[in-house]
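Below is one structure; the comments refer to it alone.
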Amino acid sequence: MCGDHLFNGELIETHHIVPVAKGGSDDPENLMHLHKVCHKQVHSKTQVKRLEVRLEPCDR
């Protein structure tokens, strides 16, 4: 995500590429290790995209 080495002393978390809530599994192919800070950014970007969709003007 950030381009830095994974093992640089930062905390690491495991991210589901396809969320479990959307049918994703715990299989290794659906998991990605990320720095804790990068993992938070991935989820915050998802939330921002959802918010942008809600803020688009409707056709009236």
_Amide H partners (placed H, <5 Å) of H15, local residues excluded_ = M32, H33, L34
_H16, H35 arranged by Cβ crowding within 10 Å, fewest neighbours leading_ = H16, H35
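No value in this document is a laboratory result; all are computed from the given coordinates. Please read all numbers here as calculations on a predicted model, not as lab measurements. Cβ coordinates were reconstructed from backbone atoms using ideal geometry, including for glycine residues, and neighbour counts include every protein chain displayed.
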